[in-house]
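**Student:** Have a look at this one before I ask anything.
The values are calculated or read from the model by the stated rules, or taken from the named source; none is laboratory data. Being a predicted model, the structure only gives us computed values, none of them experimental. Note that each Cβ is placed from the backbone with ideal geometry, even for glycine, and that neighbours are counted across all protein chains shown. Side chains included, ligands, DNA and RNA excluded: accessible areas come from the protein's heavy atoms. Shrake-Rupley method; radii C 1.70, N 1.55, O 1.52, S 1.80 Å.
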Amino acid sequence: MKLASLRKGGRDGTLILVSRDLSRAVAVPEIARTLQQALDAWAETEPRLRAVAERLEAGPLDGEFPFDAEACASPLPRAYQWADGSAYVNHVELVRKARGAEMPPSFWTDPLMYQGGSDSFLGPREPIRLATEEWGIDFEAEIAVITDDVPMGIAEAAALPHVKLLMLVNDVSLRSLVPGELAKGFGFFQSKPSSAFSPVAVTPDELGPAWREGKLHRPLRSWLNGELFGEPDAGTDMTFAFPRLIAHAARTRPLAAGTIIGSGTVSNRDPDGGPGRPVAEGGRGYSCIAEQRTVETIRHGAARTPFLRFGDRVRIEMPDAEGRSIFGAIDQVVERYRPPAG
């Protein structure tokens with residue numbers, strides 16, 4: 001089952017069901033007006049949504065219309081909670097090395113996680129608007145899950161059934177602001193502006209054998225200005241699977257239905273154990289510019305790839321085994337933000 005939210009209908013959008021091939025859609029106001037409303041009563045709404053989804057797949061359905069990702073907000077246009085982990089410790093190690101920070105051994109056994117802003121997610125085709133290029137604008141291609149209600153103190157072994165939907169993320173980061181914020185010892189805030197999510201969120205059963213043991217085993221592809229930048233496999237080198245991340249987030253608090261948990265930047269090591277090679281050199285590339293810059297510094301003594309500039313376009317997408325888009329594409333242009341006068 002695939003779900004999306006149209007931008008119309010207020011701040012939380014209008015829930016729609018989308019066909020597997022992402023060509024057709026139908027609204028379901030008689031079941032739930034918004035995705036959050038559906039998640040709040042998932043045990044009741046899920047079977048009713050699934051029945052409509054099956055009819056949509058079977059053929060033309062009254063009220064259906066062509067699916068248009070341009071008309072979509074993120075599946076949850078805003079959420080009660082957005083907590084982003086760093087499940088790919090290879091990425092953490094490389095990015096810390098770039099800013100001259102040692103990585104404690106505990107990072108391999110205890111997940112990192114920060115609580116991001118969740119009141120103003122960007123739509124999958126909405127521009128990334130920021131005031132200056134000097135902030136070091138970067139994209140980060142990730143996987144995220146949406147949970148139902150998760151009890152506090154849940155065991156990792158019991159967490160997987162609480163994953164109700166999956167989607168893709170562009171966790172925009174401002175690299176030049178990160179060191180100063182972290183030096184204060186109080187975490188990210190200004191260096192993490194609004195994130196964007198894929199047009200469609202999907203139930204785990206849609207992923208077939210690619211979804212196993214709490215990991216999504218498919219390549220996550222990123223393009224920068226039309227050129228393939230990275231295609232690491234999201235199931236490879238994932239140190240902490242989603243059940244571990246959920247249990248970590250719920251250690252001291254319950255998680256409300258509609259909580260989004262991110263994987264952190266998807267990152268693969270090279271087969272020889274090294275940090276990974278660019279796509280142009282036959283490697284799987286990277287899911288963010290910072291990682292490529294770190295590898296360039298290691299190999300060449302200095303970073304060569306600039307961070308994002310106004311006018312740059314980023315595209316993030318994941319294919320299924322037949323090459324079809326699973327979630328639709330995040331496709332964003334970086335633009336200058338001009339604050340309101342006065």
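**Student:** Could you run the Karplus curve 6.51 cos²θ - 1.76 cosθ + 1.60 with θ = phi - 60° over segment 218-223 and give me ³J(HN,Hα) per residue in whole Hz, x for Gly and Pro?
**Tutor:** 9, x, 9, 9, 10, 10
**Student:** Classify segment 198-251 from the C-alpha gyration tensor, please: rounded if a/c falls under 1.5, else prolate or oblate depending on whether a/b exceeds b/c.
**Tutor:** Prolate, since a/c reaches 1.5 and a/b exceeds b/c.
**Student:** Considering the Cα positions of segment 43-146, please state its Rg to one decimal place and its Dmax as a whole number of Å.
**Tutor:** 19.8, 59
**Student:** Express in whole angstrom the spacing between the alpha-carbon centres of segment 23-62 and segment 70-120.
**Tutor:** Distance between centres, Cα-based: 31 Å.
**Student:** Ok, one more. Please report, in whole Å, how far the alpha carbons of the chain spread along each principal axis, starting with the longest.
**Tutor:** Principal-axis extents of the Cα atoms in the chain, largest first: 61, 47, 47 Å.
**Student:** To the nearest whole percent, what portion of all C-alpha pairs in segment 148-288 is separated by more than 21 angstrom?
**Tutor:** Cα-Cα pairs of segment 148-288 separated by over 21 Å account for 53 percent.
**Student:** So for the chain, if I pair up every lysine 8 or more residues apart or on another chain, how many of those pairs have alpha-carbons under 23 Å apart?
**Tutor:** 6
**Student:** Okay, moving on. By its C-alpha gyration tensor, with a ≥ b ≥ c as the square roots of the eigenvalues, how is segment 1-80 shaped: rounded for a/c under 1.5, else prolate for a/b larger than b/c, else oblate?
**Tutor:** oblate
**Student:** Now a separate question. Equivalent-ellipsoid semi-axes (√(5λ), Cα gyration tensor) for segment 62-212, whole Å, largest first?
**Tutor:** Values for segment 62-212, descending: 28, 23, 14 Å.
**Student:** With runs of 4+ DSSP H residues as the only contributors, calculate the mean residue ellipticity of the chain at 222 nm using -39,500 (n - 2.57) per run, divided by the residue total and rounded to the nearest 500.
**Tutor:** -5000 deg cm²/dmol
**Student:** How much of the accessible area of segment 261-324, probe 1.4 Å, is carbon plus sulfur, in whole percent?
**Tutor:** C and S atoms contribute 45 percent here.
**Student:** Here is a follow-up. Treating the beta-carbon of each Lys and Arg as +1 and of each Asp and Glu as -1, no other charges, what is the dipole magnitude of the chain about its Cα centre, to the nearest 20 debye?
**Tutor:** 680 debye
**Student:** Then there's this: By what distance, in whole Å, do the Cα atoms of segment 237-342 stretch along each of the three principal axes, largest value first?
**Tutor:** 54, 46, 35
**Student:** Which loop-located trypsin sites (Lys or Arg not before Pro) does segment 5-50 contain, where loop means any DSSP state but H, G, I, E or B and the Cβ has at most 13 other Cβ atoms within 10 Å?
**Tutor:** Lys8, Arg11
**Student:** Continuing with this model, one more query. Let's see if you can work this out: charge +1 on each Lys and Arg Cβ, -1 on each Asp and Glu Cβ, no other charges. What is the dipole magnitude of segment 228-342 about its Cα centre, in debye to the nearest 20?
**Tutor:** It comes to approximately 540 debye.
**Student:** Right, next: Given Cα pairs under 8 Å that are at least 6 residues apart, what percent is the relative contact order of segment 1-50?
**Tutor:** Value for segment 1-50: 29 percent.
**Student:** Given segment 137-209, report the % of alpha carbon pairs whose separation exceeds 14 Å.
**Tutor:** Tail of the P(r) past 14 Å holds 70 percent of the pairs.
**Student:** Debye calculation, C-alpha points only, no solvent: report log10 I(q)/I(0) for segment 94-177 at q = 0.18 Å⁻¹, in the same order as the q values.
**Tutor:** Log-scaled intensity ratios, in q order: -1.11.
**Student:** On to the next question. Can you give me the accessible area per residue for segment 58-127, using a 1.4 Å probe, in Å²?
**Tutor:** 48 Å²
**Student:** Which of the GluC sites (Glu not before Pro) across segment 218-326 are loop residues per DSSP, with 11 or fewer other Cβ within 10 Å?
**Tutor:** Passing sites in segment 218-326 are Glu322.
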